[in-house]
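The values are calculated or read from the model by the stated rules, or taken from the named source; none is laboratory data. As the structure is a prediction and not an experimental result, all values here were calculated from the model. Backbone-built Cβ (ideal geometry, glycine too); neighbour counts: all protein chains shown. With ligands, DNA and RNA removed, areas are computed over all heavy atoms of the protein, side chains included. Shrake-Rupley method; radii C 1.70, N 1.55, O 1.52, S 1.80 Å.
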Amino acid sequence: MLLGHMKAPRWPASEEALADARDFLMALKDRHVVVAPHPSVDGLAAGALVLRALQAVGARVKAQVPAKGEHALSPSFQQRLRAAQPDALVVLEMSSDAMDDSVAPPGLPTLIVAPHAAPAGKVGTTVLSARELEPAVSCSLLTYALVSPCVVPGPLEWLAVLGTVADQGVDAPIPFLKDALRRAGRTAVTESVALLNAARKSSRYAAPLALGVLLRAGSATDITRGNVPGVDTLHDCRLEVQREVLRCSKTPPRIASPVALLLFSSEAQVHPQVAVRWAQRLPEHIIIAANAGYLPGRVDFAVRSRMPMELGGLPLNATGGSLSREDFLRFAAGLGFKGLRDIDVERRGAFPG
């Protein structure tokens, strides 16, 4: 049994919702379609699946991956979508939070495929969601169920496996995942996930290249063996991210109990890994790993802790955020770090804070 093909009436989505989304895709023959995937491995795998399906139905397709620091509603991203002048748009899991159809430019027929998406409210927008369904599904698995009638599904199963493992891990409670993972090659899948994930996190932000690798590869083994162009760059990205995690993890923490603040500067997206490492070292603290070098003029931060994170109503959540330098200094002062200055959150290239 192929991954996700269990013929359950409501999983990984209702047959009615799947049929509506397929009708949207099938109507795009000879149309110019932009596919906009999230730059995560799950999003890129879903993007590769939709691109394959649209090519199979005869659409003229182009991928538009968000740039570093962008999201679905970023003005710059929305401007590029409009500039492409597509006849239709397919959006794939553009946020880890619940989505709605505000991502669709006015008047543009749009399909949104996202497990946590809200129902469509705009005319011309179709939403395929898996909200409140158990077990929870990845975007790539939901997309695989959607496109399977449009393609030969067996050779593309590995993409759904790859995205599901990236999103939920190898032990996710997904029916037939164990068998599908065996067919795809467990070691090849986990290694490919690490390489593709590094593409988004590296300073060069190679998410578009990672999508190209997925489109050229016929299996996870093609990636791990370097059988397709672009894999060497993925290895370079992974080495860079590993070096930056090690370097920035040496940053001495500032303590304002119960918070430990680490300020450093890196153009790579390493603040989540640094926060995880320090949460293990300081289990009785809330760790904020703040990166002043990821995006110009902003401080991107990750929050991790082994203890409940309640800080008197301050805007702190379980993952982190991105603030202007001025707003971050005010935020830090509210947590008890009152002596910080602009120089403390300057972009400093290769040197940790």
- Positions within the stretch 123-165 being touching a Pro at 6+ places or on another chain (Cβ under 8 Å) and either more than 21 Å from residue 56 (Cα to Cα) or assigned to a loop (DSSP other than H, G, I, E, B) (or both), in sequence order: 124, 125, 127, 129, 130, 131, 133, 135, 136, 137, 138
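Here's the yes/no breakdown for (1) buried (at least 19 other Cβ atoms within 10 Å of the Cβ); (2) part of a helix (DSSP H, G or I); (3) among the hydroxyl-bearing types (Ser, Thr, Tyr); (4) at pLDDT 95 or above:
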{"residue": "21", "(1), (2), (3), (4)": "yes, yes, no, yes"}
{"residue": "33", "(1), (2), (3), (4)": "yes, no, no, yes"}
{"residue": "42", "(1), (2), (3), (4)": "yes, yes, no, yes"}
{"residue": "65", "(1), (2), (3), (4)": "yes, no, no, yes"}
{"residue": "82", "(1), (2), (3), (4)": "no, yes, no, no"}
- Given (1) in contact with an Asp or Glu (Cβ under 7 Å, 6 or more places away or on another chain); (2) part of a loop (DSSP other than H, G, I, E, B), index of the condition residue 72 fails: (1)
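Does the stretch 258-277 include one or more residues that are among the acidic types (Asp, Glu), without any contact (Cβ under 8 Å) to a residue 60 or more places away in the chain and over 23 Å from residue 168 (Cα atoms)?
So the first thing to find is which residues in the stretch 258-277 are among the acidic types (Asp, Glu), and the list is 267.
Subset that is without any contact (Cβ under 8 Å) to a residue 60 or more places away in the chain: none.
The answer is no; no qualifying residue exists.
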- Item | Number of the exception - residue 178 against (1) surrounded by fewer than 16 Cβ atoms within 10 Å (Cβ to Cβ); (2) closer than 25 Å to residue 55 by Cβ | (2)
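Kindly indicate the residue of the stretch 107-122 that is over 22 Å from residue 30 (Cα atoms) and open to solvent by 20 Å² or more (accessible area, probe 1.4 Å) and also modelled with the highest pLDDT among those meeting that condition.
Looking at residues that are over 22 Å from residue 30 (Cα atoms) and open to solvent by 20 Å² or more (accessible area, probe 1.4 Å), I get 116.
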- Failed item, numbered, when residue 167 is tested on (1) touching a residue at least 12 places away in the same chain (Cβ under 8 Å); (2) charged (D, E, K, R); (3) under 20 Å from residue 1 (Cα atoms): (3)
- Task: Could you run through the stretch 205-239 and say how many residues are open to solvent by 10 Å² or more (accessible area, probe 1.4 Å), over 18 Å from residue 161 (Cβ atoms) and in a helix (DSSP H, G or I)?
- Result: 9
- Considering residues that are closer than 19 Å to residue 239 by Cα and open to solvent by less than 50 Å² (accessible area, probe 1.4 Å), the number found within the stretch 181-196 is 7
- Query: Just checking, which of 202, 265 is within 24 Å of residue 67 (Cα to Cα), open to solvent by less than 10 Å² (accessible area, probe 1.4 Å), small (Gly, Ala, Ser) and in contact with a Cys (Cβ under 7 Å, 6 or more places away or on another chain)?
  - Reply: 202
